[in-house]
Amino acid sequence: MRLTPRERVIAQIRHQETDYLPYTIRFRGDEGEQLDDCYGTDVADRLDAYYGSPAWQALVDNAIQRVLVPKLGVDASCGSFYTDLYGSTWRVDLRPYQLVEPAIKTPSLAGFTFPELDSVFTADWKEETLQAIDQQRDHFVVIGFGFGLWERTWTLRGFEAALMDTAAEPDFFEELIERVAHHQTGIVERLLELPVDGIMFSDDWGYQRGVLLGPERWRRVLKPRFAQMYALVHEAGKYALSHCCGSVADIMPDIIEIGLDVLESVQPEAEKMDPYELKRRFGSQITFWGGLGSQSIIPFGRPDEIRAEVSRLCREMGKGGGYVLSPAKPLQPETPTENAAAVVESFLQQAGVAFP
Amino acid sequence: MADVLSQLAVRLYAGDAKAVAQLTLAALDGGLAPSEVLDGGLVTGMDRIGVDFRNGVVFVPEVLVAARAMHAGLDILRPLLAQADVAPTGKVVLGTVVGDLHDIGKKLVGMMLEGAGFNVVDLGIDTPPERFVEAVKNENPDLVGMSALLTTTMPGMKRTIDALARAGVRGSVKIMVGGAPVTQGFAEKIGADGYAPDAAAAAELARSLVGKGGWR
Ligand code: B12
C-alpha cells in the first residue's frame, strides 16, 4: 500500500525506511526574508521559463507543510517602519527587513510587558488556521511561531546587546529569558490545541564555527527551557521539530537528550556538521531534515554534482530511516537555473515522479 | 609597572571596563608611555581573548564584552597616542558588502584589529562598492576588509574590488575578505590579497599584510 506524505514522514521519524524519502524544497524564504527584490526574478519564476510552463510546480509535493502564526512576526507589507507586538521597531521597506529599535533598551525589564496572547489567538485566527491545516490533509503539518527563545531575546534587545547580556548581565538575561520562556510556553500550549502533527520551533543556536553562546552557556540557559517545551509537545502526542542554523555538533547529545524529534537545516558546510558523520554518530536517535548544501554545492556546484550528492543523501542518510531530504535553506536567488532544476529533478526522481 | 600592565590585560580579558579605564590611567600616572600601555596591556589582553576564541575556550559574548573593556582603555589612549605621533599598526576600512545585513562577524574582526593596534574605519552593513571607493580615497587606508555572510552577496566583494581598480586605487590597498561562506579559494579567485576564517586570524593576517609580522 502506498504511503501518504504524512505517513512517510512519521515512518522516518520512527526510523523506518520508506519507499522513497519524504522531501521539501522551498523556493523563497518566509515573507520579509526575500532578497529577490534586490537580486532579480526568483528561482521559481526562472524555472517556469526554463521548463516552458509552471506545470512542474504541481509535481513538487512537500511532505512537511508549515503553517505560521503571522501576528507574532513582522508585518512587512506596508510602510517604512513596523513596530511588532513586543514593541521592537523594524525597517520594512528593505528586504529583508531589519531591526532598528529594540523594545528593551537597557538591561532592565522595568515597565516592559509581553503581549496578551488573547489578542493574538482570536476566534478568527483559529478558524483561519483550522482551514489552512485542513487544506494540507495527507501532509505532515507543523505550526511555528518564528523567532524562538534565544531569538526573541535578541529581537527585544538587539543582537549585539543580547549577546553581551549573556556574559555581562547574567542576572538580567536570566530574568529576560525566563519571561520569554513563560510567554512562549503559553504560545505552544495554544498551538497544541490544533490538529497538527508537530510544533516547528525556530532558533539559531549555531554559527559557522560552533554554538554562538558556547555549549556550556547553551546548556545552562537554553537546554532546560527547551526540555520543558519539548515535553509539553510530547505530552500532547505531537512531534517537536526545530530549525537551527550553523554548527550544533557540540550539543547534539544534549539536543537528543531533551527529546527533539527532528533537526532542520543541517548545514553541511558548518564545522563538524557533515551529515554523514552526524548520521553515523547520532542517526539512530534523531531525525535530520536538510543537509544539501546551500552555501556550496547548490549555488556553486555543477548540476551533475548536485544529482550525485542527492543520491548519496538518499542512500546513506535514508538508511534505517530518520531522514527528510531537503536543501539546508530555501533556494537562494543567486542559484543558477540549471542547479535549481537539478535539485527539483533529482528530488522528484527519487520519489519516482516522471519528469516532463 | 609591569604588574599594572599584566593586571590590565587580565581585567580586559575578563571584560571589566571600569578596571581597564582605572588601570590605564594608573599605568600612565606611573610614567609609562601610551604606546607601552597599548602594547603591554590592551593588545596583550585582546591577543589572549582572540586566541582563546579561536580555540573554543571563550565565545562570541566574551569577545564582545572584552572589546567593550578594551575601548574603555583605548578612549583614554587615543588622543595621547595622536599627540605623541605614534603611528598605528595600520589603517583599515571595514564593511559588510552590499545587500548583506550580517553585522557581528565584521564587528568582531574590527575589534580584534583595534586590539592589534590598527585604526579601524567601520563602514557598517550593506555597503555598496562606491562607499568603499570613497572611503579609500578619503581615509587612505592600508587595508580594506570586506565581510559577506550570504552566497547571494559574495559577488559584491568582486564588484568592490573591480570598482577600486576602476577608481585607480586598487594598488594602494591590500584587500582581505571573510564571512561564513567565504573560502581561501574564493578570495584568490576574486583577486583579494588574503582570507581569514575567524577574527583572531583576521588580525594576524592584517599584521602580515602590512608587513608588521605575524602573531606571537
Ligand atoms: C545571526 C544570523 C542572521 C541575523 C543577523 C543579525 C545581525 N545583526 O548580524 C539575521 C536574522 C538578521 C539574519 C538574516 C538573514 N540570514 Co542569516 N544567519 C545568521 C547566522 C545564524 C549567524 C551569523 C553570525 O552572526 N555569526 C557569528 C559571527 C561571529 O560569525 P561570522 O559572521 O561568520 O564571522 C566570523 C568569520 O566569518 C570571520 N569574518 C567575518 N567577516 C569577516 C571579514 C574579514 C575581512 C575577515 C578576514 C574575516 C571575517 O570572523 C568572524 C569572527 O570570528 C548564520 C549561520 C551561519 N552558519 O553563519 C545565518 C546565515 C548566514 N543566514 C542566512 C540567510 C539565508 C539569511 C537571510 C537571507 C534569511 C534568513 N533569515 O535566514 C537573511 C538575510 C539578511 C541579509 N540581507 O543580510 C544563511 C546564508 C546561506 C547562504 N547560502 O549563504 C546562513 C548561513 C544560515 C543557513 N542556515 O544557511 N541572519
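The values are calculated or read from the model by the stated rules, or taken from the named source; none is laboratory data. Note that the coordinates shown come from a computational prediction; the quantities given were computed from them, not determined experimentally. Using ideal geometry, Cβ is built from the backbone for each residue, glycine included, and neighbour counts are taken over all protein chains shown. Accessible surface is based on the protein model in full, side chains and every heavy atom, while ligands, DNA and RNA are left aside. Shrake-Rupley method; radii C 1.70, N 1.55, O 1.52, S 1.80 Å.
Consider the stretch B:133-150 and keep the residues that are closer than 24 Å to A:LEU99 by Cα and either open to solvent by less than 20 Å² (accessible area, probe 1.4 Å) or not hydrophobic (A, V, I, L, M, F, W, C) (or both). The one that is nearest to the ligand (Cβ to nearest atom) is B:SER147. Restricting the stretch B:185-195 to residues that are open to solvent by 10 Å² or more (accessible area, probe 1.4 Å) and either within 14 Å of chain A (Cβ to nearest Cβ) or touching a residue at least 12 places away in the same chain (Cβ under 8 Å) (or both), the residue that is nearest to the ligand (Cβ to nearest atom) is B:TYR195.
Against the numbered list (1) open to solvent by less than 30 Å² (accessible area, probe 1.4 Å); (2) within 14 Å of chain A (Cβ to nearest Cβ), B:ALA9 comes up short only at (2).
Condition check ((1) over 21 Å from A:GLY198 (Cβ atoms); (2) in contact with a Pro (Cβ under 6 Å, 6 or more places away or on another chain); (3) without any contact (Cβ under 8 Å) to a residue 12 or more places away in the chain; (4) open to solvent by 30 Å² or more (accessible area, probe 1.4 Å)) across all residues:
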| residue | (1), (2), (3), (4) |
| --- | --- |
| A:ARG220 | yes, no, yes, yes |
| A:TYR230 | no, no, no, no |
| A:HIS234 | no, no, no, yes |
| A:GLY246 | yes, no, no, no |
| A:ALA249 | yes, no, no, no |
| A:PRO253 | yes, no, no, yes |
| A:LEU260 | no, no, no, no |
| A:GLU264 | no, no, no, no |
| A:GLU269 | yes, no, no, yes |
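Residues of the stretch B:126-146 being modelled with pLDDT of 95 or more and within 12 Å of chain A (Cβ to nearest Cβ), which ones? Passing the criteria: only B:PRO128.
Look at B:PRO88 and say whether it is open to solvent by 40 Å² or more (accessible area, probe 1.4 Å), more than 14 Å from chain A (Cβ to nearest Cβ) and under 15 Å from the mean Cα position of the chain (by Cα).
Taking the combined requirement at face value, the residue satisfies it.
The residue that is nearest to A:LEU241 (Cα to Cα), among those in the stretch A:298-327 that are touching a residue at least 40 places away in the same chain (Cβ under 8 Å) and within 14 Å of another protein chain (Cβ to nearest Cβ), is A:PRO327. Please count how many residues of the stretch B:33-64 are within 14 Å of chain A (Cβ to nearest Cβ) and either touching a strand residue (DSSP E or B) at 6+ places or on another chain (Cβ under 8 Å) or acidic (Asp, Glu) (or both). Total satisfying the criteria: 5.
Being open to solvent by less than 10 Å² (accessible area, probe 1.4 Å), part of a helix (DSSP H, G or I) and in contact (Cβ under 8 Å) with a residue 60 or more places away in the chain is the filter here; which residues of the stretch A:328-352 pass it? Once the filter is applied, which keeps residues that are open to solvent by less than 10 Å² (accessible area, probe 1.4 Å), part of a helix (DSSP H, G or I) and in contact (Cβ under 8 Å) with a residue 60 or more places away in the chain, the stretch A:328-352 yields A:ALA340, A:ALA341, A:VAL343, A:VAL344, A:PHE347, A:LEU348.
If you filter the stretch A:186-230 down to residues that are within 15 Å of the ligand (Cβ to nearest atom) and polar (S, T, N, Q), you find that the one that is nearest to A:TRP289 (Cα to Cα) is A:SER202. If you go through the stretch B:151-172 and keep only what is among the hydrophobic types (A, V, I, L, M, F, W, C) and surrounded by fewer than 23 Cβ atoms within 10 Å (Cβ to Cβ), you end up with B:ILE161, B:ALA163, B:LEU164, B:ALA165, B:ALA167, B:VAL169. Tallying residues that are away from the ligand (no atom under 16 Å from the Cβ), of a type in the set (A, V, I, L, M) and assigned to a helix (DSSP H, G or I) within the stretch A:64-103 yields 0. Of the helices (runs of 4 or more DSSP H) lying entirely inside the stretch A:235-304, the ones with 1 or more residues being within 15 Å of the ligand (Cβ to nearest atom) are found at A:275-282, A:297-300. Could you tell me whether A:THR106 is away from chain B (no Cβ under 14 Å), free of Cβ contacts under 8 Å to residues at least 24 places away in the same chain and either away from the ligand (no atom under 16 Å from the Cβ) or not aliphatic (A, V, I, L, M) (or both)? Spelling it out, A:THR106 is indeed away from chain B (no Cβ under 14 Å), free of Cβ contacts under 8 Å to residues at least 24 places away in the same chain and either away from the ligand (no atom under 16 Å from the Cβ) or not aliphatic (A, V, I, L, M) (or both).
Within the stretch B:107-135, the only residue that satisfies the criterion of being touching a residue at least 40 places away in the same chain (Cβ under 8 Å) and closer than 21 Å to B:GLU188 by Cα is B:VAL109.
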